[in-house]
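Each remark here refers to the structure printed beneath this line.
Laboratory data are not the source of any read-out in this text; all were calculated from the coordinates shown. On a predicted model such as this, the values are computed, not experimentally measured, just so you know. Don't worry about glycine lacking a Cβ; one is built from the backbone with ideal geometry, like all the others, and counts go over all protein chains shown.
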């Protein structure tokens, strides 16, 4: 059987409600009428920003990620707060994490990070006409700002030294669709 | 304060153990000695496969994703089973979802999909010397196989019609690092 059909929700059970994520177990009816459980992580969504600075370098953030017990190099990013638009989140996170302000942002693309088990969507913006300032990280946020020419960034992706999906996706989409 | 330091685990509490994911709440000590909770989704990891077939088309899978309540176009992919290598997972999922067998696979890249809250890693392979056969989907798996020329695939990404992060990342990395 090779049909693509919807999954009808029979039951939905919230098992965790946290600060960043919540978790629910949905019982669904499949196209063959059988029941199946879907484990779903709910996330408010996030933004990420491509920032090419006054040195023509891409700005990256190095931070410790407990989930993978390692440091990652990522583009500036952050969760969408309640009632905040993705555009405003992007301006705010850019300022907080890097100190840069942008006169405007251009939307590049949006994608689902892990649609097999999570509803997180990330909206990627490109920062325009940026001005350097002082970073104002959240309490409990410990990050280091780095910058590299785009050729170096591509080399870091190729060598597996940048391995955050949103960062790789955003950079390659920027080069494929925007810079050309 | 702008230092990048490790986070020391003070306490770890498993709150859910499921079929695909498990969830734990870790209490960590930050560089400023304050405590903070990290909500972490554990996932066994997955693979995804770039398959350019005998018509020189990229093979995509259309399937319903309950987490986002929508259909997505994705490259063939699947979870790593217990004691299975990513390479073997890729060969198995390719056969199950598309019917194609590959004489060998070339590793393209690996990335973390949502390192802010999940440890899922996806390993992307390129299928070589493929031979068409009969798909053998898992019970309860309802997918449709489609194929498009690469120019069409790029257009679908640009228009936001392909919006699965692993799919966008894998395709753009393939074009950036492999086809050149």
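Could you line up A:38, B:92 from fewest to most neighbouring Cβ atoms inside 10 Å?
Taking fewest neighbouring Cβ atoms as first place, the list is B:92, A:38.
Please work out the FRET efficiency for the pair residue B:146 and residue B:32, using the Cβ-Cβ distance as r and a Förster radius of 51 Å; give the result to the nearest 0.05.
Using R0 = 51 Å, I get an efficiency of 0.50.
How far is residue B:138 from itself in the other copies, in nm, if each label sits 7 Å out from Cα along the Cα-Cβ line, shortest first?
3.3
Which of B:73, A:146 has the fewest other C-beta atoms within 10 Å, and how do the rest follow up to the most?
In increasing order of surrounding Cβ atoms, one gets A:146, B:73.
Kindly identify the protein assembly as shown as rounded, prolate or oblate by the Cα gyration tensor criterion: order the square roots of the eigenvalues as a ≥ b ≥ c, call it rounded if a/c is under 1.5, otherwise compare a/b with b/c, prolate if a/b is larger, else oblate.
oblate
Residues of B:68-74, mean number of Cβ from any other protein chain within 10 Å of their own Cβ, rounded to a whole number?
Mean shielding by partner chains, rounded to a whole number: 4.
Counting other C-beta atoms within 10 Å, which of A:28, B:49 has the fewest, and how do the rest follow?
Ranking A:28, B:49 by Cβ neighbours within 10 Å, fewest first, gives A:28, B:49.
Can you compute the FRET efficiency between residue A:71 and residue B:9 using 1/(1 + (r/R0)^6), with r the Cβ-Cβ distance and R0 = 22 Å? Round to the nearest 0.05.
For R0 = 22 Å, the calculated efficiency reads 0.90.
Give the angle, between 0 and 90 degrees and rounded to the nearest 10, that separates the Cα long axis of helix B:86-98 from the longest principal axis of the Cα atoms of chain B.
That helix lies at roughly 50 degrees to the long axis.
Sort B:120-126, A:148-154 for me by packing, meaning the mean count of neighbouring Cβ atoms within 10 Å per residue, highest on top.
Descending mean neighbour count gives B:120-126, A:148-154.
Report, for residue A:9, each distance to the same residue's label point in the other copies, shortest first and in nm; define the point 7 Å along Cα→Cβ.
The answer, with the shortest distance listed first, is 3.3 nm.
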